[in-house]
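A.B. asks: One structure follows; several queries about it will come next.
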Amino acid sequence: MSACMISASTFLQETGAAGVWVTAAGIVFSAVLIGALILYRRRYRAALQERRNTAELIENLHDGIYRSSLDGHQLAANRALVRLNGYENEAEMLASVNDIATEWYVDPDRRAEFRDILNRDGRVEDFVSEVYRHKTRERIWITESARIVCDPKIGKPLYYEGSVREITETIKRRQLEEQIQKLTSQLPGGLFQFRRNPNGSYSVQYLSHGFGRVIGLPEERSILTTAQFVDLIVREDRPAYFRSLTSSRRSLSPWDHEFRVRTPGGESRWLRIVAKPEQDEGAITWHGYLMDISARKKQAMEIEELAYFDPLTRLPNRRMLRDRTAAAIACARKRGRVGALLFIDLDNFKNLNDSQGHHVGDQYLMQVAERLRECTGEYGIVSRMGGDEFVIMLEDLADELPEGSRHALAVADRALSALRDTFVLGPVHHRGSASIGVVTFDGSESGAEELVRRADIAMYEAKSGGRNGISLFDPASLELESQRFRLLNDLRAAISGDQLALHFQPQVDREGHVCGAEALLRWRHPELGNIPPGIFIPLAEHCGLIHEIGDFVLARAIAALARWQRNPATSHIRLAVNISVQSFANATFVPDLTRLVQEYGVDASCLTLEFAENVMARDQERTAARMAELKKLGIRFSLDDFGTGYSSLIHLKKLPFDELKIDGGFVADIETRESDRALVRTILAMATTLGLTAVAEHVEDDKQRIFLHLFGCEIFQGLLYSAAMPEEEFLAFTSARNVPAEAETAYIRRPA
């Protein structure tokens, strides 16, 4: 035992170190193992927690997350995807979805396209499709991203993982924007939104494509800043633009303003901006519309031109003169300064216009306008009242009326001198003149119309004084004008009453027999007695009564002719009636005269219509057509006062005249002036050549008659035979003059 013990002791002694090491190693190993187990458990728990966190995160994402098999079956879905498909929980959804391609996509081909990309690239990002909300079958829009998950060891595809986000509102908004874009692209104007920020700066929120088109921007520059827009506004219009914008901002009232812009291409345009402001937390946003109103503005300006300017001379017309004169009167009253009106009437314009044609008359008027502008300069305005009447308005001439009158008369004298110079009107050289009435004003006048009337009165004073002169308004002339106005009213009453009557001046042939008469109108005023035709006929022409007078004369003349034709002794007597060019130009003249001839049943070959030479300056084709129509009734035509106007053989041959009346002024001087004798001989020879009857008027003595008789005159009229007389006296005169042949010798020998 001792030996054993010795051996054991020896063994222990020999093996003691190794045993300790083994023991220690076992202890360490156990500790490591325990530590590894503890670490593994910790890592496992951490990984498990991370998976739980990830699963919780995925479950609570707003985007839908899914896992699906390769053949299209849904394997897993988070809460967002479940809600997107209209289900309450994942189990319900997974049990309901069988085939994603056919049950989910509105267009199944989109699913095939999605899978092709996924299989080719291993992933798909932001793939937009229209799908059904699976449970409700509502159509929605989504954007989808996915990847293929493969076995990490062998790389075999296991399933798909992906995310889905609903973008229905985005798509609808985009579609709406596209629709709005299409609609606004067809609008003639442009929509906009711009904002005034709380710090006072401005920013553009929205501009439609039409906005850039309106202001002439190229497509690539359809967006611009407020500062760039303002730079396009015409500089003169910017103050008003900002005032209107500021007013809208302060009162939050609708903004409506018109202004001009100059486009980048250099074109000038009128624009109108209409917008409604909306306030939000210290900022203001205007929602509005911009439109191009250039066409409307142009039309408005053209209308204004028609309303306020004479279309021929481009001068202000009567309406604008009235407005400007009213403003000048108010200014004179406020400032204590004197102004003036110059009323200008062109002398003998009617003769020029009728003889040379309207185109020459228009040229003359335009040159007159230019000369008057040059005379006036910057001191006033020139306007055309109409016809051959012009008015110059002068402002700020002086402090006192006498000094103002002096300045106004100086301008009138310059104008008169300018109008006396020769006018070159194509082939026509015309020496003009004018009658000018001047009136001054200091603001105490009752109105513009009264002031123009006074200037008109002064002009008539200048005209009645021999024309080609100047007359300063005299208050005493108002009484004369009042008398003229009363006479006009009396003339209107006379036409409808029994104050007007026809007198008849005999026309005698070469044998001394009465062969005709000229009807002459006479007015016996109940208070003023006989009013000469030289007074009331021009008054009627000036005031538009000449048509009524012409109708009166024709009706009375044809009635008288009908009475004469019922008597064999006077049935051959011709009656001549003066017709104004204005009356003959009236569209109703021919039918009215035809009706009278038929109504009274007269032989129209005994009726002669006398025209002045200005009838040949009118529309000759229309004049000739009307004359030809009346010729069918047998009516004859006479050219009155031949030789005083601008007649030519060419014009005379174009119109169907039957006779010429030699102006009495030539007849009166044939005894003393060789030139008049030569002219009368020429007229008589021309009448014979053209086959026209020659009539001499104002024959007053036997020497004139003999001369006219010798050179072929056929009919004589004048005081040598008789003045115009009432119808009964004329018929008695005719009866005595036209004695039978057997009594003619006794008549001739009878003492005068």
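A.B. asks: Any residue at all in segment 275-287 that is of a type in the set (Phe, Trp, Tyr) and open to solvent by less than 40 Å² (accessible area, probe 1.4 Å)?
C.D. replies: yes
A.B. asks: State all residues of segment 112-139 that are crowded, with 16+ Cβ neighbours inside 10 Å, in contact (Cβ under 8 Å) with a residue 24 or more places away in the chain and in a helix (DSSP H, G or I); if no residue qualifies, say none.
C.D. replies: Answer for segment 112-139, where residues must be crowded, with 16+ Cβ neighbours inside 10 Å, in contact (Cβ under 8 Å) with a residue 24 or more places away in the chain and in a helix (DSSP H, G or I): PHE114, LEU118.
A.B. asks: Hey, another quick one. Please work out which one of (1) at pLDDT 85 or above; (2) among the aliphatic types (A, V, I, L, M); (3) not in a helix (DSSP H, G or I) is the condition VAL553 fails and give its number.
C.D. replies: (3)
A.B. asks: Could you grab me the full set of residues in segment 393-421 that are open to solvent by less than 10 Å² (accessible area, probe 1.4 Å), assigned to a helix (DSSP H, G or I) and small (Gly, Ala, Ser)?
C.D. replies: Hits for segment 393-421 are GLY404, ALA408, ALA412, ALA415.
A.B. asks: Please go through segment 328-366 and pick out each residue that is in a helix (DSSP H, G or I), in contact with a Gly (Cβ under 8 Å, 6 or more places away or on another chain), buried (at least 16 other Cβ atoms within 10 Å of the Cβ) and of a type outside the set (A, V, I, L, M, F, W, C).
C.D. replies: ASN351, ASN353, ASP354, SER355, GLN363, TYR364
A.B. asks: Let me ask something additional. Mind listing just one residue for me: the one in segment 288-306 that is hydrophobic (A, V, I, L, M, F, W, C) and open to solvent by 30 Å² or more (accessible area, probe 1.4 Å) and, of those, farthest from ARG322 (Cα to Cα)?
C.D. replies: My answer is MET291.
A.B. asks: Just to be sure I understand the filter: pairs with C-beta atoms under 6 Å, separated by 6 or more residues or on different chains, first member in segment 307-322 and open to solvent by 90 Å² or more (accessible area, probe 1.4 Å), second member in a helix (DSSP H, G or I). Which pairs pass?
C.D. replies: Filtered contacts from segment 307-322: ARG319/TYR308; ARG322/ALA448.
A.B. asks: Restricting the first residue to segment 143-161 and requiring it to be farther than 13 Å from LEU118 by Cα, which pairs with a second residue that is part of a loop (DSSP other than H, G, I, E, B) and β-branched (Val, Ile, Thr) meet a Cβ separation below 6 Å and a spacing of at least six or different chains?
C.D. replies: Close Cβ pairs satisfying both conditions: THR143/ILE167.
A.B. asks: So, one more: Given segment 659-728, what helices (runs of 4 or more DSSP H) lie entirely inside it while holding 2 or more residues that are buried (at least 18 other Cβ atoms within 10 Å of the Cβ) and modelled with pLDDT of 90 or more?
C.D. replies: 702-710
A.B. asks: Output the residue which, of all residues in segment 556-570 that are in a helix (DSSP H, G or I) and not charged (D, E, K, R), is most open to solvent (accessible area, probe 1.4 Å).
C.D. replies: It comes out as GLN565.
A.B. asks: Please find, within segment 589-605, the residue that is surrounded by the most Cβ atoms within 10 Å (Cβ to Cβ) out of those that are of a type in the set (Gly, Ala, Ser) and in a helix (DSSP H, G or I).
C.D. replies: ALA604
A.B. asks: Consider segment 188-244. How many of its residues are within 26 Å of the chain's Cα centre (by Cα), over 15 Å from ILE273 (Cβ atoms) and open to solvent by less than 60 Å² (accessible area, probe 1.4 Å)?
C.D. replies: Number satisfying all stated conditions: 1.
A.B. asks: Can you tell me which condition ARG522 does not meet? The list is (1) touching a strand residue (DSSP E or B) at 6+ places or on another chain (Cβ under 7 Å); (2) within 17 Å of ALA604 (Cβ to Cβ); (3) not acidic (Asp, Glu), and all the others hold.
C.D. replies: (2)
A.B. asks: Hey, does segment 500-520 have a residue that's within 30 Å of HIS709 (Cβ to Cβ), modelled with pLDDT of 80 or more and open to solvent by 70 Å² or more (accessible area, probe 1.4 Å)?
C.D. replies: Yes, there is a match, as at least one residue in segment 500-520 is within 30 Å of HIS709 (Cβ to Cβ), modelled with pLDDT of 80 or more and open to solvent by 70 Å² or more (accessible area, probe 1.4 Å).
A.B. asks: Starting from residues that are part of a loop (DSSP other than H, G, I, E, B) and touching a helix residue (DSSP H, G or I) at 6+ places or on another chain (Cβ under 8 Å), keep the ones in segment 422-459 and report whichever is most open to solvent (accessible area, probe 1.4 Å).
C.D. replies: SER444
The values are calculated or read from the model by the stated rules, or taken from the named source; none is laboratory data. Not measured: the values here are computed from a predicted model. Using ideal geometry, Cβ is built from the backbone for each residue, glycine included, and neighbour counts are taken over all protein chains shown. Remember, those area values only see protein heavy atoms, side chains included, never the ligands or the DNA or RNA. Shrake-Rupley method; radii C 1.70, N 1.55, O 1.52, S 1.80 Å.
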